[in-house]
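Have a look at the structure below before the remarks.
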Amino acid sequence: MSGNSSIGPVKKDFNPYIYNPCQEAEMDFMLKKTLLYLLLVFATRAEAQNCTALGQNPSTAFPVCGDQKFIQHSVPICGNRVIPGPTCNTFGDGPHNDKNPYWYKFTCYKAGTLGFQITPLTLAEDYDWQLFDITGKNPDNVYTDRSMYVAMNWTAEFGVTGASSAGTSLDVCGGPRQPLFSKMPELIVGHEYLLLISHFSNSQSGYELSFGGGTAEIIDPVLPEITSLKYDCASYSIGIKLSKKVLCSSLAVDGSDFVLSAGAPAILSARGVTCSNGFDLDSVTLFLAGPPAPGTHVVTVRNGSDANTLLNVCNKQMLAGGNMGFSVPVYPAPRMATLKALPCGPDEVVLEFPDPIRCSSVAADGSDFTITGPAGVTIVSATTVCAANDLTNTVTLKLSGHIITAGNYTLSLTGSVLSECHIPSLPGGQAVFSIPPQPPVLLRGIPLQGCEPVAVKIGLSIPVRCSSIAADGSDFTIRGARPVTISGATGICNAAGLADSVELRFNAPVQTGGRYEVLTALGTDGNTLLSECWQPAAIGQITAFNAADTVNADFTFDLAFNCKLTTASFHHHGRNNVNTWSWLMDGADPFNIQHPVKIYDSFGAKAVTLVVSNGVCSARKDTTITITSELSADFSVDYGPYCPLEAVHPVDHSTGNIVRWTWDYGNNAVASGKEAVPMRYFPQFRDQDYTIRLIVENDKNCRDTAEHKIKAARSCYVEIPSAFSPNNDGVNDYFYPINAYKVTNLRLAVYTRSGQLIFETYNWQKRWDGKINGSPADVGTYAWMLEYTDQLGEKVQKKGTVVLVR
């Protein structure tokens, strides 16, 4: 059993309840084979890996010949890929896998049957095989192309296997008791075949492979010979094509299997074109000591240092003395290069050769070339972009600087470069180019500046390279009415890194009016401004701008008082060429003169705004002035309330040169003098407000009046009403202590007849509105308790009842 993934069904004629010695033997065999299979499957899964040795993949199969016996002493453990083939339904069969495989290839030279035998070196091991027709197909397709199948034998039996006259079927499936030999397949003349030998047993013991017993011929009767030759001038090599494949092992690596005609360079070595990943070849490359001379040369086959010519797979030698000629032409010298289109102000030139040249023949220091012209530039290096074969068509010459001087220049090949065939270039090759005149970098005007400029923008006649602008602004200097220091410079750059203007920044605003000149200079970066074509701006160029004086809106004012009117006179100095004034008084009353006059008929804080300008600079000042009268009536007095017999004491605070005071107390009492007379009030029917008025007069007969109100109480004796009616008629709607103006520490509490607290206050002006928890209380009698401290500091406690009526 080999290559199986399942045990398969038990045979139908096996009855476990009837003893049969043959069936018992078969069951015992199947049990042993099953256990062995499971062990091998697990081992294979644990150890199998990709096959990498030559012969273990279809594309690297061993070439074999029908008259040879092939011995494989050891079989590496690898593989296990599924091999497609006929459908099998035998007991114990499963997928067929190329476990621990080796592959063999051969060609049918005479149609007939193929007989062969695989003899394990350890007979108690399981070897399987499958045959494929690979004619015109990729050998690796055996894993996917079912049509390539020819014959197979995947029996689970141990021992010698193969194809012979004893076989009865081309398709021997896996499983126990399957025959070890298959029927001999029919081969087709000219077809190529692959034979897979798969070692199912999990060991590395090998096998012998021999052919015989069939009628097909797999021995090539025709010996190989040379069919074509080709000389490669680049590698000094000769490519030889053979009519048949030969063994790689028969090729002498020193090339001694071949000899060149007299006068040709010696053969240094030989290499089989496909020998790095196979066993046979049909192409050989001979490497020579140097180039053959132009003309015809002959390659002749001979016995090499290995004592044979090339051998085919049946160990048949090419005939010594077989030969073929080849021609070596006269190879031309490389032609002089042309120049690739140059940018303006180039610091390198690119040579494009019409024929490939060898990179190794170009001196890295550029000494193969020279350049002459109006500018004193030199070549400092040469670089190439080379292919793997050391060939290029392009050489880049780096120059000592940019060419900015107009005129004609000549690039000469004064050294020598080699062609692909190692032919040196002819001396005297030249390439001519011209550098046209370039416009200079000139400073343009500076736009009109505003007030206190901190930067200026300088226009340029042509764009300059942003990289040439010194960041510290040292490409420029500035002079003028006052010293100005340049702190930085920035180009107004586009995506190409070019700027048509430069912004200069100052370390402080320019506040002094006058003319200022900007001059070009040599920057700290070692250059002036450079154009796109590397033309430097001339040092000392001048452009200018005018700055205006700064202004301020500070002003002064004078105040003149005349009783109720105040005259304010405002003054601005008008310095730094101020020629416009815009005044605004209290948000209105605009004036446009230098010295306006404003008359105020009221006192207090007054807003004043002034905006001035000299045509360039402007300034604004917002301030507040205070208009005060020379006479002001004022006094202070407590509002009260005042109890009967309690005196009111007004205190005068009037200002000014006062000569007369008149007090009017609002109760028909009048007094004179700075000190007010203490006054008592006795309202008859209710609490009452009184207005106290003070009139003052100064020495200029100007008068001013101040007024304050006071409250006088009819009585300050605390009283509690015996009844109230909270019906919102505006009369007796609330219950509270009356006249409690002067008491302190007051507490009023109201209770139901059952003693429940329903109202409480510590403020005599907070009144009970006859409601309990927001709902009208029942009509009836309620108890109350009042506590307070009177004017003399005595604590008073009162209690009683009140009747609520509606």
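The values are calculated or read from the model by the stated rules, or taken from the named source; none is laboratory data. Please read these numbers as outputs of a predicted model, since none were measured by experiment. Neighbour counts run over all protein chains shown; Cβ positions are idealised from the backbone, glycine included.
Couple of notes before you dig in:
- Among the residues of region 474-507, those that are more than 40 Å from the chain's Cα centre (by Cα) and of a type in the set (A, V, I, L, M, F, W, C) comprise I478, A481, V484.
- Residues that are of a type in the set (D, E, K, R) and touching a residue at least 40 places away in the same chain (Cβ under 8 Å) within region 667-696 comprise just one, D687.
- Flag if T122 is touching a residue at least 24 places away in the same chain (Cβ under 8 Å) and either surrounded by fewer than 16 Cβ atoms within 10 Å (Cβ to Cβ) or in contact with a Gly (Cβ under 8 Å, 6 or more places away or on another chain) (or both): yes
- Which numbered condition G159 misses (of (1) assigned to a loop (DSSP other than H, G, I, E, B); (2) under 15 Å from F211 (Cβ atoms)): (2)
- Residue check for L610: surrounded by 14 or more Cβ atoms within 10 Å (Cβ to Cβ), more than 27 Å from I446 (Cα to Cα), aliphatic (A, V, I, L, M) and under 56 Å from the mean Cα position of the chain (by Cα): yes
- Counting the residues of region 203-237 that are in a strand (DSSP E or B) and of a type in the set (D, E, K, R) gives 4.
- Scanning region 375-385 for residues being modelled with pLDDT under 95 and surrounded by fewer than 15 Cβ atoms within 10 Å (Cβ to Cβ) gives a total of 2.
- Selection over region 172-193 of residues that are over 18 Å from A111 (Cβ atoms) and either touching a Cys at 6+ places or on another chain (Cβ under 6 Å) or not in a loop (DSSP other than H, G, I, E, B) (or both) gives a count of 6.
- The lone exception for S261 - which of (1) surrounded by 15 or more Cβ atoms within 10 Å (Cβ to Cβ); (2) touching a His at 6+ places or on another chain (Cβ under 8 Å) it fails: (1)
- If the condition is being modelled with pLDDT of 95 or more and out of contact with any Gly (no Cβ under 9 Å at 6 or more places or on another chain), then region 192-205 contributes Y193, L194, L195, L196, I197.
- Considering C314, C344, the condition of being assigned to a loop (DSSP other than H, G, I, E, B) and not assigned by TED's automatic domain parsing to the domain that holds V246 is satisfied by C344 alone.
- Candidates S654, S629, S672, S613 - the one that is of a type in the set (S, T, Y) and assigned by TED's automatic domain parsing to the domain that holds R575: S613
- Any hit, region 48-68, residues being part of a strand (DSSP E or B), more than 60 Å from the chain's Cα centre (by Cα) and farther than 19 Å from F200 by Cα: no
- Look at region 131-148: where a residue is under 14 Å from Y193 (Cβ atoms) and modelled with pLDDT of 95 or more and a partner is surrounded by 15 or more Cβ atoms within 10 Å (Cβ to Cβ) and small (G, A, S), sitting 6+ places away or on another chain with Cβ atoms under 7 Å, you get L131/A151; P139/A61.
- Within region 549-565, the set of residues being exposed (fewer than 14 other Cβ atoms within 10 Å of the Cβ) and assigned to a strand (DSSP E or B) comprises T556, D558, L559, A560, N562, L565.
- Pairs linking a residue in region 441-456 that is at positive phi to a residue that is surrounded by fewer than 20 Cβ atoms within 10 Å (Cβ to Cβ), with Cβ atoms under 6 Å and 6 or more positions apart or on different chains, are E452/P509; E452/Q511; E452/T550.
- Conditions (1) aliphatic (A, V, I, L, M); (2) buried (at least 17 other Cβ atoms within 10 Å of the Cβ); (3) not in a loop (DSSP other than H, G, I, E, B): number failed by V432: (2)
- Among the residues of region 487-527, the ones that are under 19 Å from R444 (Cα atoms), surrounded by 19 or more Cβ atoms within 10 Å (Cβ to Cβ) and touching a Lys or Arg at 6+ places or on another chain (Cβ under 9 Å) come to 7 in all.
- Inspection of region 339-346 finds a residue satisfying the criterion of being small (G, A, S), touching a Cys at 6+ places or on another chain (Cβ under 7 Å) and either under 20 Å from T410 (Cα atoms) or modelled with pLDDT under 95 (or both).
- Within region 590-630, tally of residues that are in contact with a Phe, Trp or Tyr (Cβ under 9 Å, 6 or more places away or on another chain) and either farther than 30 Å from G450 by Cα or in a strand (DSSP E or B) (or both): 19
- Of all residues in region 101-136, those being assigned to a strand (DSSP E or B) and either assigned by TED's automatic domain parsing to the domain that holds V313 or among the hydrophobic types (A, V, I, L, M, F, W, C) (or both) number 7.
- Any chance F724 is aromatic (F, W, Y) and touching a Pro at 6+ places or on another chain (Cβ under 9 Å): no
Per-residue answers, yes or no, for (1) surrounded by 19 or more Cβ atoms within 10 Å (Cβ to Cβ); (2) free of Cβ contacts under 8 Å to residues at least 24 places away in the same chain; (3) at positive phi; (4) of a type in the set (S, T, N, Q):
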site: G162; (1), (2), (3), (4): yes, no, yes, no
site: A166; (1), (2), (3), (4): no, yes, no, no
site: P179; (1), (2), (3), (4): no, no, no, no
site: S182; (1), (2), (3), (4): yes, no, no, yes
site: Y193; (1), (2), (3), (4): yes, no, no, no
site: F200; (1), (2), (3), (4): yes, no, no, no
site: G214; (1), (2), (3), (4): yes, no, no, no
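- Members of region 528-548 found to be surrounded by fewer than 17 Cβ atoms within 10 Å (Cβ to Cβ) and assigned to a loop (DSSP other than H, G, I, E, B), listed by number: A538, I539, G540
- D220 being free of Cβ contacts under 8 Å to residues at least 12 places away in the same chain and either outside the structural domain of G112 (by TED's automatic domain parsing) or of a type outside the set (V, I, T) (or both): no
- Pair list, Cβ < 6 Å and 6+ apart or interchain, from region 716-744 residues that are over 24 Å from I772 (Cα atoms) to residues that are basic (K, R) and surrounded by 12 or more Cβ atoms within 10 Å (Cβ to Cβ): C716/K742
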